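Undergrad: Take a look at this one; I'll ask things after.
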Amino acid sequence: MALVRCAIYTRKSSEKGLEQAFNSLHAQPEACAAYVQSQKAEGWLLLPDHYDDGGLSGGTLERPAMQRLLTDVDAGRIDQIIVYKIDRLTRSLADFARIVDRLDAAGASFVSVTQSFNTATSMGRLTLNMLLSFAQFEREGEGHRPNAERIRDKIAASKRKGLWMGGNVPFGYDADGRTLKINAAEAKVVRQLYDLYQAEGSLIALRERAADLGLRTRTRTAPDGKVSGGGPFGRAHLHHILTNPVYAGRIRHRSVIHDGQHPAIIAPGDWQAVQELLKAGASRPRGRAPAVFTSPLAGKLFDETGDRLTPSHSRKNGHRLRYYLSNRLLNDKSGSHPEAWRLPAPELETGITGRLRAWLSAPGQASHLLVTPRTGEMQAIGGKIDSLIAELDGPHAAALLRALVAEVRISPGRMVITVAADPLADRLDMAPERLNPPQLQIEAPFRIRRRGVETKVVLGDRPAEVDKVLIRNLMKARDWFAALSRGESYAEIADREGIWKQRIQQLLPLAFLAPEIVQQIAEGRQPLGLTTEALINSDLPIDWAAQRALIARL
């Protein structure tokens, strides 16, 4: 296979935009290099030399890179010239004829990656002449007006690089060349809007809450001095802010989203969680009252495998039941993940709120939180902490929970809550760097109790909780054992109790529980997994030491 040495030639007529980090002289070689790569099996090899003419007309061959290119062709160093379009080589029919003569003399040729024709045929030569005629007409009659297709290609290539290509600067950012930088004051409002939507679950409710809090749009002053903006956020504007991937550090081009070069205001996981909530809200039937959909921990929960827990819901007897599910349960419906989590959302949120409240209420917490406490400020900080605790019991507790929790990681028996430094510092009216990072980690025992289809979440040291069902079954088992000792049969006891004989046989082993285990059950100190059904299904041994070992594993 013969080796075909390829050189890319690029040209940009205008000097406008050449100073940009990514311009047309970058967009053209990307397409050309991709074309050469596609012909690798044919022996095509891209040469490392660059031939770029920026800000030069295609009406003449007196271009530095063009002259260097033709010299290399004459010297036999190039077999194939690759251009984005023919008019990048020249816009003159006469000049093109000269280029073709030199290529033929050197045994070289050229390829346009966006225009396909064969110059070996008369139809191909006619097509080529027509293209060059139009290129010359555009140069002479249209004053180098940029081609709309080239502009679209450049924009697409630039956005693939993550560059911001102009237009209205998104609320929360300021323009910074071909990227964006965060506007601190506006970014704070954007974060509030995302937190409020997570708490309210409705764009209408979000609009009302934002208006109540005095949140306003950006104020703009036109060149003629006319001032616009500065009013309350409208529903459409809020929807645009909530769905714009720019806030997650990304750039959208039509239906494709690329990683941007600008900093994110909203964590990508939080942004994705909001998109899921918006989809859930949009799927509600029209004409019905919207269901309350509050998932303040969306995007913040992770299990021991690193899998994110996603908000979900079901309906039972007309009621909406909310859950947080491991993502692998949503992506794989086969049921092959018994270790995955499906946690009741209200109980989990209540438990984490309780841990936050206990953490804030800990003695000396004001001094523990600060790296270098200052004389005389502890009382003021203590007062702000008391206000936070009161707000966790108020009507907007969900929004505060959303703001204060940065991340929650759960694993069997353990939960770690990371408190968000910036929102906490903002509430305490101090710089975030004054907070002591190790103090922002809250560890708590984490257990769940399943009873049938019901799941109960227990965080922290569990208070005594008497299982009345288990105690009643213990008493029945002892009564039935006494009756059997008096000579009654299983059938007679079943008739008297109005139950199946098999149920008596199932519960009877409970009459032989070790005394200390019975004492724990009576006081509500039994392990979470110690239920009637767990004992029935565990093949309960008669030996008390074996019983204690078995129950320790529940």
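Undergrad: Could you list, in sequence order, the residues of the range 394-438 that are surrounded by fewer than 16 Cβ atoms within 10 Å (Cβ to Cβ) and in a helix (DSSP H, G or I)?
TA: Scanning the range 394-438 gives Asp422, Asp426, Pro432, Glu433, Arg434, Pro437, Pro438.
Undergrad: When the range 542-554 is examined, which residues are found to be at pLDDT 85 or above and not in a helix (DSSP H, G or I)?
TA: Hit for the range 542-554 is Asp543, nothing else.
Undergrad: Let me ask you something else. Considering the range 493-511 alone, what residues qualify as being buried (at least 16 other Cβ atoms within 10 Å of the Cβ), in contact (Cβ under 8 Å) with a residue 12 or more places away in the chain and either aliphatic (A, V, I, L, M) or out of contact with any helix residue (DSSP H, G or I) (no Cβ under 6 Å at 6 or more places or on another chain) (or both)?
TA: Ile493, Ile504, Leu507, Leu508, Pro509, Leu510, Ala511 - these are the residues of the range 493-511 that are buried (at least 16 other Cβ atoms within 10 Å of the Cβ), in contact (Cβ under 8 Å) with a residue 12 or more places away in the chain and either aliphatic (A, V, I, L, M) or out of contact with any helix residue (DSSP H, G or I) (no Cβ under 6 Å at 6 or more places or on another chain) (or both).
Undergrad: Still on this structure, I have one more. Tell me whether the range 467-488 contains one or more residues that are at pLDDT below 85, under 42 Å from the mean Cα position of the chain (by Cα) and either in a strand (DSSP E or B) or surrounded by 13 or more Cβ atoms within 10 Å (Cβ to Cβ) (or both).
TA: Yes: the range 467-488 contains one or more residues that are at pLDDT below 85, under 42 Å from the mean Cα position of the chain (by Cα) and either in a strand (DSSP E or B) or surrounded by 13 or more Cβ atoms within 10 Å (Cβ to Cβ) (or both).
Undergrad: What is the number of the single condition among (1) at negative phi; (2) part of a loop (DSSP other than H, G, I, E, B); (3) among the acidic types (Asp, Glu) that Glu492 does not meet?
TA: (2)
Undergrad: Here's something else I'd like to know. Residues of the range 313-359 being among the charged types (D, E, K, R), modelled with pLDDT under 80 and within 19 Å of Arg447 (Cβ to Cβ), which ones?
TA: Passing the criteria: only Glu339.
Undergrad: Can you list the helices (runs of 4 or more DSSP H) lying wholly within the range 26-109 that have 2 or more residues being without any contact (Cβ under 8 Å) to a residue 60 or more places away in the chain and among the charged types (D, E, K, R)?
TA: 64-74, 93-106
Rundown of residues vs (1) small (Gly, Ala, Ser); (2) in contact (Cβ under 8 Å) with a residue 40 or more places away in the chain, yes/no style:
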site	(1), (2)
Ala491	yes, no
Gln520	no, no
Arg525	no, yes
Leu530	no, yes
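The values are calculated or read from the model by the stated rules, or taken from the named source; none is laboratory data. As the structure is a prediction and not an experimental result, all values here were calculated from the model. As a convention, Cβ positions derive from the backbone with ideal geometry for all residues, glycine included, and neighbour counts pool all protein chains shown.
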